[in-house]
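The block underneath contains the structure these notes are about, expressed in structure tokens.
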Amino acid sequence: MNAINSNANSAATVSQRDDVLAAVDALRRGGLIGLPTETVYGLGADASNPEAVARIFSAKRRPTNHPLIVHLHRKEQLTQWAHAVPAAAWRLAEAFWPGPLTLVLQRAPGVLDAVTGGLDTVALRVPAHPLALEVLAAFGGGIAAPSANRHKKISPTSARHVRQELGDAVDVVLDGGDCRVGIESTIVDLSTGTMRLLRPGAITTRDLEQTVAEPVDPAISPVIRSPGRMPLHYAPDASVVLASMEDVPAKIAEYTALGVRMGVLSEARASAWPDHIPWLPMGNTASEQAHQLYRRLREADEMGLAALIVVPPSDRGLGYALCDRLCRAAGLGALLA
Ligand code: TXA
Ligand code: MG
């Protein structure tokens, strides 16, 4: 496996062009690449090569009927992958691509079943990361890429996380620095004539409704196979327990009595908490919190904590997606659904 460096989220330098070509070469040979995006790192393969796509599932140990997002270079490629693209999809693509929004549309003929999990829809997105866009431009085709973590584990937000999770299963890991957004893209289903939110993210319901001037239906169809919709997902090894600031001292006392090694993830540290309990700062704004959330959950595991008490942030705007991920990490299921 080659580790290839770049400056965080800046335009690729001349020497990085060679790195991009190495990634494109790996894709053309049916290999796997670690792909930096603005949300989380993806595990990319040529979306038109069934053997390459099969490799994604075995590297992640993910059930093969779970659909993948196809990453594109430009919105004009939509019609190669989707058919009957509604006006709302074009408006959203115009407003938010490149960016953290995935559109689920009716699939075009020829899109592999291995990519769609046999569904008659396909998920598409143009990511906003200069290295990802360079790879996509040079490759020319679609790159199928789920988050580059093992099934049910936390999505990676740095190249180091990708190497830790997947090691030699990846041929080339492009290092695009820490992911700017830090949580996975918003997914909206436009395949049925209405807008349905399948996964909250940095593009909020309000953003979608303001752009399309139509309401977003938050209902989740139970038939859609979305691993992001399983109750326990995005989970660290430490047990995540949600608590209000007021309840933290009681939780600390309870776990201390049981001999459980714990830490607290919250916006602020209260002076009453015992000094020996590690505090993991959550950040103060929603975007800072999203940027750091998965890193903090990984830190809890690196510290060998058995439990992480989490005080959830406000659930407004981007905070809604953060609370969704925290509820899942705690095994409580989704805010939606
Ligand atoms: O930010 C992201 O979206 C990242 C980066 C790498 O782009 N990717 C990502 O992929 O989070 P993944 O596979 O971890 O999550 C994609 C979600 C899954 O929950 C999958 O079930 C859902 O998208 N999905 C894919 N195709 C779908 C479809 N046709 N209908 C409904 N859900 C779909
Ligand atoms: Mg994932």
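The values are calculated or read from the model by the stated rules, or taken from the named source; none is laboratory data. Since we're looking at a predicted model, the values are computed, not measured. Using ideal geometry, Cβ is built from the backbone for each residue, glycine included, and neighbour counts are taken over all protein chains shown. Remember, those area values only see protein heavy atoms, side chains included, never the ligands or the DNA or RNA. Shrake-Rupley method; radii C 1.70, N 1.55, O 1.52, S 1.80 Å.
Give me the net charge for the shell around Ala148: Cβ to Cβ below 11 angstrom, other residues only, Lys and Arg +1, Asp and Glu -1.
Cβ neighbours under 11 Å give a net charge of +3.
Can you compute the FRET efficiency between Ala108 and Asn65 using 1/(1 + (r/R0)^6), with r the Cβ-Cβ distance and R0 = 30 Å? Round to the nearest 0.05. All intermediate terms of the calculation are to be shown ahead of the outcome.
Numbers: r = 20 Å, r/R0 = 0.67.
Approximately 0.90, to the nearest 0.05.
How much length would be gained if the chain were fully extended between Asp275 and Ala54, taking 0.36 nm per residue of separation minus their Cα-Cα distance, in nm to one decimal?
Details: separation 221, 0.36 × 221 = 79.56 nm, distance 4.89 nm.
Once the chain is fully extended between Asp275 and Ala54, it gains 74.7 nm.
Summing -39500 (n - 2.57) over the DSSP H runs of n ≥ 4 in the chain and dividing by its residue number, what mean residue ellipticity at 222 nm do you reach, to the nearest 500 deg cm²/dmol?
-9500 deg cm²/dmol
Could you check how much of the accessible area of the chain is carbon and sulfur, as a whole percent, using a 1.4 Å probe?
C and S fraction of accessible area: 52 percent.
Have a look at Pro98, Pro63, Pro146 and tell me which one the Gaussian network model of the chain (Cα, springs below 10 Å) gives the largest fluctuation.
Its mean-square fluctuation being the largest, the pick is Pro63.
With the other protein chains left in place, how much accessible area per residue, in square angstrom, belongs to the chain at a 1.4 angstrom probe?
It amounts to 40 Å² per residue over the chain.
Need one number: % antiparallel among DSSP beta bridges in the chain, to the nearest 5.
Of all bridge pairs located within the chain, approximately 40 percent are antiparallel.
Would you mind telling me the antiparallel percentage of the DSSP bridges in segment 62-173, rounded to 5?
70
Give me the Kirkwood hydrodynamic radius of segment 239-329 in Å, from all C-alpha pairs, to one decimal place?
Computed over segment 239-329, the radius equals 13.2 Å.
Testing the spin-label approximation: label points 7 Å from Cα along Cα→Cβ at Arg74 and Arg261. State their distance in nm.
Each label point lies 7 Å from its Cα, and together they span 5.3 nm.
Can you work out the base-10 log of I(q)/I(0) for segment 105-187 at q = 0.12, 0.21, 0.22 1/Å, using the Debye formula on its C-alpha atoms alone?
Log10 of I(q)/I(0), two decimals: -0.42, -1.24, -1.31.
Let me check I've understood the local charge: for Trp90, count other residues with C-beta under 12 angstrom from its C-beta, Lys and Arg +1, Asp and Glu -1. What total comes out?
With Lys, Arg at +1 and Asp, Glu at -1, the neighbours total 0.
Over all pairs of distinct alpha carbons, what does the Kirkwood formula give as the hydrodynamic radius of the chain, in Å?
20.3
Given +1 on the Cβ of Lys and Arg, -1 on the Cβ of Asp and Glu, and no further charges, what dipole in debye does segment 239-329 carry about its Cα centre, rounded to the nearest 20?
Roughly 180 debye for segment 239-329.
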